[in-house]
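Okay, so here's the structure we're looking at.
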Amino acid sequence: MVNKLALLGGDPIRQELFPAYNTIGKEEEDAAVRVIRSGILSEYLGAWHDDFYGGTEVRAFEKEWADAYQAKHAVSVNSATSGLYVAVGAAGVGPGDEVIVSPYTMIASATSALVFNGVPVFADVDPGTFNISPATIEPAITKYTKAIVVVHLFGQPADMDGIMALAKKHSLIVIEDCAQVPFASYKGRPVGTLGHMGVFSLNYHKHIHTGEGGVVTTNDDDLAERMRLIRNHAEAVVARKGTTNLVNMIGFNFRLGEIECAMGRTQLQKGHALVDQRRENVGYLEERLKGLPGLKPAPVLDGVEHSYYVHPLLYNRGETGVSRALYVDAIKAELPATSMREKHGVLIGGGYVRPLYWEPIFQEMVGYGDKQCPFKCPHYEGNASYERGLCPNVEEAHLETLITHEMMRPGMSHKDLDDVAQAFEKVSNHLDDLRVQDL
Ligand SMILES: *Cc1c(COP(=O)(O)O)cnc(C)c1O
């Protein structure tokens, strides 16, 4: 029964777990131990004082990150979510303002506007790249638009030249959500330095990590200082510091600790090589998947280097005659889970997150309190809407055409990748058997 699909009772291609993706090693251990032995796990003070900017490791990490990105400033924070919040706050977003964002992203890309009582306006994505583009952003611009959060989804940079030209024309601040796109480039420039601020994640799901953490890059002195204030109790600092712009100077505690920053320094050094490995694995796999019915790699823009947080594939049901859900189930049945992530099962799925405007916070327009703020707050005169069908390209990708998988991460050998490819080949050779099941 070697040849029968595992989904229909045959033997799977492979049962032995795929190797773990673990970037944490001796260097991180040494870094953590160095900090623990020092006894100083944080040195921040939430007051106007030299320690307002954090301790030795925080500052060294920020300097090294800024240098690696050829950026003037890097501001460390305890997550990319916090990073988006300090960036949107520094941009001056407030009641009555709109922020344009993709609906196909981790939800913090959009809640960052809500936190400052701004209203997210969703622009559709380009159907191949899954990123918002100048063509989809322009119709979403109104006289209330203050900023754009550009998410470089799955590791592919958005069309930043066009977006920055649009932003300049309308005086908008551009925040790049780079959580999925570290060490990528756009026309030779590092992604995360193309907009006004670039937000990175150091969460354990991401390419490099410190468990939890984040960094924001910027070349603007004023934005950098405003982000540092929001990170660390701005309201208690501004008077002594002499800060005159009080907009959004209600601070948080978004500080990243010394241990994480020490580990971040070693992770930063590993980043490029890890991302190169992803590119290489994707290249190998795409070569092997070439010509399979109903499947093709999602296009990559000219002049960009993708960093493959996930590997997106485009599925065409018209060519296979099999629903995407059944096709993905058939692949899953052939392959094992991945070590250290056993509970997530086989790392492949149809679609990505639900389009954000489907979530209750937007459908019911209940944000702060019970009076539908900021959506219906008297300061807001626009009419952002969240009806189903709002972004057809996102909905189509989510429901029909997109397959994402992570079985191309560093640690996967050619033999492992061959097994992945064989699962796709086997399912492709048995589409007839699946069509019967799909009736
Ligand atoms: C992971 C992610 C975030 C949030 O990162 P955290 O560090 O977990 O807060 C934000 N945006 C995108 C696109 C992400 O993938």
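Things to note:
- Comparison of His170, His196 shows that the only residue that is within 25 Å of Ile230 (Cα to Cα) and in contact (Cβ under 8 Å) with a residue 24 or more places away in the chain is His196.
- The number of residues in segment 306-337 that are closer than 30 Å to Leu202 by Cβ and open to solvent by 50 Å² or more (accessible area, probe 1.4 Å) comes to 1.
- Residue match in segment 249-260 (condition: hydrophobic (A, V, I, L, M, F, W, C) and either loosely packed, with under 15 Cβ neighbours inside 10 Å or under 30 Å from Leu313 (Cα atoms) (or both)): yes
- Among the conditions (1) within 25 Å of the chain's Cα centre (by Cα); (2) aliphatic (A, V, I, L, M); (3) open to solvent by less than 60 Å² (accessible area, probe 1.4 Å), the only one that Met340 does not satisfy is (3).
- Check on Ala66, away from the ligand (no atom under 16 Å from the Cβ), crowded, with 24+ Cβ neighbours inside 10 Å and at pLDDT 95 or above: no
- Complete set of residues in segment 183-214 that are assigned to a loop (DSSP other than H, G, I, E, B), more than 11 Å from the ligand (Cβ to nearest atom) and in contact with a helix residue (DSSP H, G or I) (Cβ under 8 Å, 6 or more places away or on another chain): Phe183, Ala184, Lys187, Val191, Leu194, Gly195, His196, Ile208
- Ile141 being crowded, with 22+ Cβ neighbours inside 10 Å and more than 14 Å from the ligand (Cβ to nearest atom): no
Matching residues to (1) open to solvent by 20 Å² or more (accessible area, probe 1.4 Å); (2) among the hydrophobic types (A, V, I, L, M, F, W, C); (3) more than 26 Å from Lys146 (Cα to Cα):
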position	(1), (2), (3)
Ala47	yes, yes, yes
Asp51	yes, no, yes
Ala60	yes, yes, yes
Val75	no, yes, no
Thr81	yes, no, no
Ala90	no, yes, no
Gly96	no, no, no
Thr111	yes, no, no
Phe116	no, yes, no
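- Taking the criterion of being closer than 25 Å to Tyr204 by Cα, of a type in the set (A, V, I, L, M, F, W, C) and buried (at least 17 other Cβ atoms within 10 Å of the Cβ), the residues of segment 1-45 that qualify are Phe18, Ile24, Ala31, Ala32, Val35.
- Number of residues in segment 146-179 that are outside any helix (DSSP H, G or I), closer than 19 Å to Gly382 by Cβ, in contact with an Asp or Glu (Cβ under 7 Å, 6 or more places away or on another chain) and open to solvent by less than 20 Å² (accessible area, probe 1.4 Å) equals 1.
Matching residues to (1) closer than 30 Å to Asp276 by Cα; (2) touching a helix residue (DSSP H, G or I) at 6+ places or on another chain (Cβ under 6 Å); (3) assigned to a loop (DSSP other than H, G, I, E, B); (4) open to solvent by 80 Å² or more (accessible area, probe 1.4 Å):
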residue	(1), (2), (3), (4)
Lys376	no, no, yes, yes
Glu387	no, no, yes, yes
Glu395	no, no, no, no
Pro410	yes, yes, yes, no
Lys415	yes, no, no, yes
Phe424	yes, yes, no, no
Ser428	yes, no, no, no
Asp432	no, no, no, yes
Val436	no, no, no, yes
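- Test for Tyr284: is it under 18 Å from His414 (Cβ atoms), among the hydroxyl-bearing types (Ser, Thr, Tyr) and open to solvent by 30 Å² or more (accessible area, probe 1.4 Å): yes
- Extreme residue, nearest to Thr56 (Cα to Cα), among residues of segment 223-265 that are acidic (Asp, Glu) and without any contact (Cβ under 8 Å) to a residue 40 or more places away in the chain: Glu225
- Selection status of Glu27, charged (D, E, K, R), in contact (Cβ under 8 Å) with a residue 60 or more places away in the chain, more than 16 Å from the ligand (Cβ to nearest atom) and within 17 Å of Gly214 (Cα to Cα): no
- Among the residues of segment 207-217, those that are open to solvent by less than 30 Å² (accessible area, probe 1.4 Å) and more than 13 Å from Lys270 (Cα to Cα) comprise Gly211, Gly213, Gly214, Val215, Val216, Thr217.
The values are calculated or read from the model by the stated rules, or taken from the named source; none is laboratory data. Treat the numbers as computed from the prediction; the structure is a model and nothing was measured. Because the Cβ atoms are built from the backbone with ideal geometry, glycine has one as well, and the counts that use them run over all protein chains shown. What goes into the accessible areas is simple: the full protein's heavy atoms, side chains included, and nothing from ligands, DNA or RNA. Shrake-Rupley method; radii C 1.70, N 1.55, O 1.52, S 1.80 Å.
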